[in-house]
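K.L.:
Submitted below is the structure of interest, expressed as structure tokens.
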Amino acid sequence: MKINKVVVIGSGTMGSGIAAHLCNANVPVTLLDLTTEISQKAKERIQKSRPPLLIDKSKIDGINVGNINDDFKEVADADWIVEAVVERIDIKHNIYKKIFDTRKKNTIVSSNTSSIPISVLSEKLSEEDKKDFCITHFFNPVRYMGLLEIVKSKSSDLDKINYLKKFCEHELGKGAIICNDTPGFLGNRIGVFAMQVAMTEAFKMNLSIEEADAIFGRPMGIPKTGVFGLYDLIGIDLMSDVLKSFIKELPETDPFQRVAKEIPLITKLIKDGYTGRKGKGGFYRMNKQENKKILEAINLQTGEYSTSKKIELGIEKIDLNLLINRKDKFGEYAWSVISQIIKYSSSLVPGITDKFNDIDEAMRLGFNWSMGPFEMLKSIGVKNFFDRVGDVKGNSFLENLSKTKDENFYGQRQLYTDIETLGKIKPKAIKIDKNKSADIFRFKDFNIVEFTTKACALDYDSMDALKNATDKPLIIINESMQFSAGVNLKYTMEFVEKGDFKSIEKFIKYFQQTCKHLKYSQYPVISAPSGLVLGGGEEVAIQSNFVVSHTNIVMGLVETGVGVVPAGGGCKEVLWRWSQTDEAKKDPDYAPLQVFNIIGYAKTATSTVEALPLKFLRPEDKKVMNRNSLFEEAKKLLEENKNFQPPKECTFKLSGKPLKDKMIKSLEKLYNDKIILDHGFKVGEELANVLSGGDTTIDKQLSEDDLYNLELEAFMRLIQTEKTQQRIKHTLATGKPLIN
């Protein structure tokens, strides 16, 4: 069989998200709802969505719309039919009858339910129809969340289930995990339990919501939203409904029942319309004081709001042992939450899955955890865990482990996929070097560099690792969500506060030298980016010899937003790419003016498709739908380039002052229109000086080093201004740009 056409029934958030992602994969899809008007409005929402559900807006043309009365004939020639209607079993049963009466033989039919068991969904189907039916539980937003849970029943045709899994993995880029029919499947069963434990323990231990979120966040390898922030993001009322579903489906003896009990404060919040970000606020809310927006947090004991306080824990990296052994309330809270998550997750094996590793992978893919419960246990250490955990009676997994005390119990990762991933390779590779910012692995005859800082921000140690790893072919790739969010601004500001600008200059020079070394290394260098590829992160990627990129990237040179110019070769490299166009060969000012607009406006691409016209990626760069495939594709490129020859150094001919005057003229218009202010003008002037070639003329040839020097000089002039320092401090404090 082959999936050439899909019909999605139900155009709500999930249905439209699934339809959009099928378009991303160039799979023809028809979206049906009660009326064509509803489907059409869903299509319009997809077009305007933020973050964008489409990797390219033109792909919207791949969605046909219709209604379930006039256009149900579309089901007849579909190869896969996805039901994504409201979570009411009577409505679903009526839709299934209509689908199975209309579909062609052997068509796969699936439901996107997150809570209704497959046994209930399929109870009115014939045994023959049950073979072709399963649950495909996508996570929201569909384009960005890696996890797809495919739930099978005893009647399912396993060949079809496996075919669907491979299709979703290779064509849609999903981490597809096959699950048993149990409440909440894998991701939600553990994820929601973890949230409830984190919440109930915060109430019990009298922690503020900011304190709980500070621990149940990055220090545990969990997204920074924490538990209360995540509740607000999902919707407090929706979470209440989810919990009611679990209470109904799970036996009274299940530990979930204890943590899912109704909390009076939450009931009151819902009643008063405080349902989270979609309502008036929730555990957090925005308030105005003296015409300024102030983030406020609720007091869990009194229900009163006050200005939210930032909690500094002094934790830069994930270290669970360091965290749980703290002699304060934070350490006590962390241990209580982590130990309960591990105990509960292990108690469900083999009930929800006989591969405990799948639970970890579901948490990575569906909740963006850095490590799942069993990896947490491995990280803490088996002996350390059992020295502290107490009674594990009735938990067969932990009982067995307590007897064997096997520190190597974990085995292989990512068993759910046949793809050769970085996660599978790292345990087999030799770690030949590491520092506080990066690890270097040797695998067979090539090296791997993985950044290890928060958001993979770059500093001197990151550059050291890259430079030291070029004694062999090199792949730069990370398991974390981001490739790199750019240079570590905090690191830079530490020098600023000491007035140590010489050290900043030394670092920028070293950054430039390293990027140039990557580009002209004896051996090929491949960057394999996903997530954020910003500023210095983009400079590393575009000065590598080859790029294999995940379709979900956010790529751009955004330095002007913090009051500096790209100084690691970003201006130089993008300028070189634009100078190779036909237009640039006719007009020497064409390329610099294009790049001036791109960098000046800090334009970003939110996909590989958007990156191409900006020249952030080249047509020959590889693009992959499945993030898991990045390593495999990068490795193939190394194999294809055994006879690699470094590129020739590029040169530039730029117009100098006449070109700079053109750029200044456009800045003056922006300034007069109040689109930019004084410092925006100053930053624009410095960028213009770099891209016009500084003190040059059109008949003079400039080298890459000349462009690097212009970047460095502009950067150093700007970093020493008070207004650039204000911009950086503001961005570090708020995550938002300052216009000054």
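The values are calculated or read from the model by the stated rules, or taken from the named source; none is laboratory data. Since we're looking at a predicted model, the values are computed, not measured. Every residue, glycine among them, receives a Cβ derived from its backbone with ideal geometry; neighbour counts consider all protein chains shown.
K.L.:
Answer yes if at least one residue in the range 569-584 is surrounded by fewer than 24 Cβ atoms within 10 Å (Cβ to Cβ) and closer than 21 Å to LEU422 by Cβ, and no otherwise.
P.N.:
no
K.L.:
Right, next: Kindly indicate which of LYS271, LYS292, LYS261 is surrounded by fewer than 11 Cβ atoms within 10 Å (Cβ to Cβ) and either of a type in the set (S, T, N, Q) or in contact with a Ser or Thr (Cβ under 9 Å, 6 or more places away or on another chain) (or both).
P.N.:
Values: LYS271 fails: either of a type in the set (S, T, N, Q) or in contact with a Ser or Thr (Cβ under 9 Å, 6 or more places away or on another chain) (or both); LYS292 fails: either of a type in the set (S, T, N, Q) or in contact with a Ser or Thr (Cβ under 9 Å, 6 or more places away or on another chain) (or both).
Of the residues listed, the single one that is surrounded by fewer than 11 Cβ atoms within 10 Å (Cβ to Cβ) and either of a type in the set (S, T, N, Q) or in contact with a Ser or Thr (Cβ under 9 Å, 6 or more places away or on another chain) (or both) is LYS261.
K.L.:
Same structure, new question: Test LEU617 against the criterion of being outside any helix (DSSP H, G or I), of a type outside the set (D, E, K, R), within 31 Å of the chain's Cα centre (by Cα) and modelled with pLDDT of 95 or more, and give yes or no.
P.N.:
On the way: outside any helix (DSSP H, G or I): yes; of a type outside the set (D, E, K, R): yes; within 31 Å of the chain's Cα centre (by Cα): yes; modelled with pLDDT of 95 or more: yes.
Judged against the criteria, LEU617 is a match.
K.L.:
Can I ask one more? State yes or no: is ILE508 surrounded by 18 or more Cβ atoms within 10 Å (Cβ to Cβ), part of a helix (DSSP H, G or I), among the β-branched types (Val, Ile, Thr) and in contact (Cβ under 8 Å) with a residue 40 or more places away in the chain?
P.N.:
yes
K.L.:
For the range 244-269, which residues satisfy the criterion of being farther than 21 Å from SER308 by Cα and within 30 Å of the chain's Cα centre (by Cα)? Quick ask: steps written out before the conclusion?
P.N.:
Of all residues in the range 244-269, those farther than 21 Å from SER308 by Cα come to 244-264, 267.
Correct list: LYS244, SER245, PHE246, PHE256, VAL259, ALA260.
K.L.:
So is ILE190 closer than 16 Å to SER114 by Cα, in contact (Cβ under 8 Å) with a residue 24 or more places away in the chain and buried (at least 22 other Cβ atoms within 10 Å of the Cβ) or not?
P.N.:
Criteria met by ILE190.
K.L.:
If you don't mind, there's one more thing I want to ask. Are there any helices (runs of 4 or more DSSP H) wholly within the range 557-613 with 2 or more residues that are closer than 19 Å to GLN701 by Cβ, and if so which?
P.N.:
Of the helices (runs of 4 or more DSSP H) lying wholly inside the range 557-613, those with at least 2 residues that are closer than 19 Å to GLN701 by Cβ span 570-579, 582-586, 590-600.
K.L.:
Hey, another quick one. For the range 677-699: of the residues being surrounded by fewer than 21 Cβ atoms within 10 Å (Cβ to Cβ) and aliphatic (A, V, I, L, M), which is farthest from VAL562 (Cα to Cα)?
P.N.:
ILE698
K.L.:
Touching a residue at least 24 places away in the same chain (Cβ under 8 Å), of a type in the set (Asp, Glu) and not assigned by TED's automatic domain parsing to the domain that holds ASN162: which single residue out of ASP433, ASP387, ASP391 fits that description?
P.N.:
Sole residue among the options that is touching a residue at least 24 places away in the same chain (Cβ under 8 Å), of a type in the set (Asp, Glu) and not assigned by TED's automatic domain parsing to the domain that holds ASN162: ASP433.
K.L.:
Quick one: which residue in ALA202, ALA176 is of a type outside the set (D, E, K, R), crowded, with 23+ Cβ neighbours inside 10 Å and assigned to a helix (DSSP H, G or I)? Steps first, answer last, please.
P.N.:
Working: ALA176 fails: assigned to a helix (DSSP H, G or I).
Unique residue meeting the criteria: ALA202.
K.L.:
If a residue has to be touching a residue at least 60 places away in the same chain (Cβ under 8 Å) and part of a loop (DSSP other than H, G, I, E, B) to count, how many in the range 85-124 make the cut?
P.N.:
Final tally of qualifying residues: 7.
K.L.:
Right, GLY217: surrounded by fewer than 23 Cβ atoms within 10 Å (Cβ to Cβ), closer than 23 Å to TYR333 by Cα and under 17 Å from the mean Cα position of the chain (by Cα) or not?
P.N.:
So GLY217 passes the test.
Conditions (1) assigned to a helix (DSSP H, G or I); (2) over 20 Å from LEU415 (Cα atoms), marked per residue:
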site	(1), (2)
SER346	yes, no
PRO350	no, no
ASP358	yes, no
MET363	yes, no
MET371	no, no
LEU377	yes, no
ASN384	yes, yes
ARG388	yes, yes
VAL392	no, yes
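Residue by residue, here is whether (1) of a type in the set (D, E, K, R); (2) at pLDDT 95 or above holds:
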| residue | (1), (2) |
| --- | --- |
| ASP132 | yes, yes |
| ASN140 | no, no |
| GLU169 | yes, yes |
| GLY175 | no, yes |
| ASP181 | yes, no |
| ALA202 | no, yes |
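K.L.:
Please determine whether any residue of the range 391-409 is closer than 30 Å to ILE476 by Cβ and surrounded by fewer than 17 Cβ atoms within 10 Å (Cβ to Cβ).
P.N.:
Yes: one or more hits.
K.L.:
Looking at the range 279-289, which of its residues are surrounded by 13 or more Cβ atoms within 10 Å (Cβ to Cβ) and out of contact with any Phe, Trp or Tyr (no Cβ under 8 Å at 6 or more places or on another chain)?
P.N.:
GLY279
K.L.:
Suppose we keep only residues that are out of contact with any strand residue (DSSP E or B) (no Cβ under 6 Å at 6 or more places or on another chain), among the aliphatic types (A, V, I, L, M) and assigned to a helix (DSSP H, G or I) within the range 1-57. Which one would you say is surrounded by the fewest Cβ atoms within 10 Å (Cβ to Cβ)?
P.N.:
For the range 1-57, the residue satisfying everything is ILE38.
K.L.:
Sticking with this structure for a sec: Within the range 267-278, is there a residue that is touching a Phe, Trp or Tyr at 6+ places or on another chain (Cβ under 6 Å) and of a type in the set (A, V, I, L, M)?
P.N.:
no
K.L.:
Consider SER245 against the criteria (1) in contact with a helix residue (DSSP H, G or I) (Cβ under 9 Å, 6 or more places away or on another chain); (2) under 28 Å from LEU121 (Cα atoms): it satisfies all of them except one. Which criterion is unmet?
P.N.:
So the condition that SER245 fails would be (1).
K.L.:
Among LEU557, LEU532, which is within 17 Å of the chain's Cα centre (by Cα) and either of a type in the set (A, V, I, L, M, F, W, C) or within 9 Å of PHE483 (Cβ to Cβ) (or both)?
P.N.:
LEU532
K.L.:
Going by what's in this entry, would LYS165 be described as outside any strand (DSSP E or B), free of Cβ contacts under 8 Å to residues at least 24 places away in the same chain and crowded, with 19+ Cβ neighbours inside 10 Å?
P.N.:
Working: outside any strand (DSSP E or B): yes; free of Cβ contacts under 8 Å to residues at least 24 places away in the same chain: yes; crowded, with 19+ Cβ neighbours inside 10 Å: yes.
Yes; evaluated as a whole, the condition is true for this residue.
K.L.:
Could you count how many residues in the range 1-42 are under 16 Å from PRO141 (Cβ atoms) and among the charged types (D, E, K, R)?
P.N.:
The total comes to 0.
K.L.:
From the list ASP77, ASP56, pick out the single residue that is more than 25 Å from the chain's Cα centre (by Cα) and in the same structural domain as LYS166 (by TED's automatic domain parsing).
P.N.:
Just one listed residue meets the conditions, ASP77.
K.L.:
Which numbered condition trips up GLU210, out of (1) in contact with a Ser or Thr (Cβ under 8 Å, 6 or more places away or on another chain); (2) modelled with pLDDT under 95; (3) surrounded by fewer than 22 Cβ atoms within 10 Å (Cβ to Cβ)?
P.N.:
Failing condition for GLU210: (2).
K.L.:
Among (1) over 19 Å from GLN196 (Cα atoms); (2) assigned by TED's automatic domain parsing to the domain that holds TYR274; (3) surrounded by fewer than 15 Cβ atoms within 10 Å (Cβ to Cβ), where does GLN412 come up short?
P.N.:
(2)
K.L.:
If you scan the range 312-335, which residues turn out to be surrounded by fewer than 17 Cβ atoms within 10 Å (Cβ to Cβ) and assigned to a helix (DSSP H, G or I)?
P.N.:
Result: ASN321, LEU322, LYS329, GLY331, GLU332.
K.L.:
Can you find even one residue in the range 147-161 that is under 23 Å from the mean Cα position of the chain (by Cα), modelled with pLDDT under 95 and surrounded by 19 or more Cβ atoms within 10 Å (Cβ to Cβ)?
P.N.:
no
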